[in-house]
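Worksheet for the structure shown next.
The values are calculated or read from the model by the stated rules, or taken from the named source; none is laboratory data. Just so we're clear, the structure is a prediction, and the values are computed from it rather than from any experiment. Here the Cβ positions follow ideal geometry from the backbone for every residue, glycine too, while neighbour counts run over all protein chains shown.
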Amino acid sequence: MLLAIDVGNTNIVLGGYEGEKLIASWRVNTDPARMPDEYAVLIDNLLGYANRSLKDVAAFVLSSVVPALTTTFEELAHQYCRCQPVIVGPGIRTGIKILYENPREVGADRIANAVAAFQRYGGPAIVIDFGTATTFDALSADAEYLGGAIAPGLTIAADALFQRAARLYRVELKRPKQAIGRNTGASVQAGIIYGYIGLIEGLVNRFRQEMGAAKVIATGGLAAVIAQETAIIDVTDPLLTLDGLRLIYDMNQPAAIRQSEIGRQPSP
């Protein structure tokens, strides 16, 4: 089994693959203070619900935006899975040409999203990942990562409002009955949900002005909340990042690398 792990600032998403088949996936809180042994126990318990265990893991692929946990999971892979993890970063084959001024600045999760989006839906495409931050990534028809935008995530924006405004209280992040709220709770919901939809639609329209028509793919924990409220999102794919990690793992196996190198050699 291949264990794919995407470490975000708020959540860690894990998935177990046998071939191309996803056996199960889980989402847990990110905790940089946890030790490799603690995460091993947690993952082993989660795998148990799929009638698997860490002993069944023969391969490991990781994307992480939390440097401390990159080391933690690398140690876990060595100690409990007896394997060298594929860590998404510089030097890793992805099939995507990064046109960022400094390619090292592109988050590993954004690269995984780009790989999966292009493989599954083609290009041009715009990928929106609703996480701690909401990221927008643009892909050309030639598998080029053109760049993107980063905005505060929906939960972060809401938390900031509640923390800084003493008389406002927390509300459920769901669609209100109308944009003109008749009470404080409904007004807050309208401002957060409809305001965020305006942000999404505004940025997508600006992307399309610069790159032309493009399919919009949404992923991340809050993608479904926003996608059901706007027609600008074409596809919601909650497992896009995990699938991208699986594809990147496959691209970086010796047989795939040799085949890629053969394809670049001139004909005799």
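Scanning the stretch 117-150 for residues being surrounded by fewer than 24 Cβ atoms within 10 Å (Cβ to Cβ), within 23 Å of Asn9 (Cβ to Cβ) and small (Gly, Ala, Ser) gives a total of 5. Listed by position, the helices (runs of 4 or more DSSP H) enclosed by the stretch 205-268 include none that has at least 2 residues that are modelled with pLDDT under 85, polar (S, T, N, Q) and under 30 Å from Arg27 (Cβ atoms). Scanning the stretch 15-30 for residues that are without any contact (Cβ under 8 Å) to a residue 40 or more places away in the chain and either among the hydrophobic types (A, V, I, L, M, F, W, C) or loosely packed, with under 14 Cβ neighbours inside 10 Å (or both) returns Glu18, Gly19, Lys21, Ile23, Ala24, Trp26, Val28, Asn29.
Just one of the numbered conditions (1) surrounded by fewer than 21 Cβ atoms within 10 Å (Cβ to Cβ); (2) on the phi < 0 side of the Ramachandran plot; (3) assigned by TED's automatic domain parsing to the domain that holds Arg206 is not true of Lys97: (3). For the stretch 159-179, state whether one or more residues are modelled with pLDDT of 85 or more and out of contact with any Leu (no Cβ under 6 Å at 6 or more places or on another chain). The answer is yes, given that some residue of the stretch 159-179 is modelled with pLDDT of 85 or more and out of contact with any Leu (no Cβ under 6 Å at 6 or more places or on another chain).
Among the residues of the stretch 177-200, some residue qualifies, meaning at least one is touching a residue at least 12 places away in the same chain (Cβ under 8 Å), more than 30 Å from Pro90 (Cβ to Cβ) and assigned to a loop (DSSP other than H, G, I, E, B).
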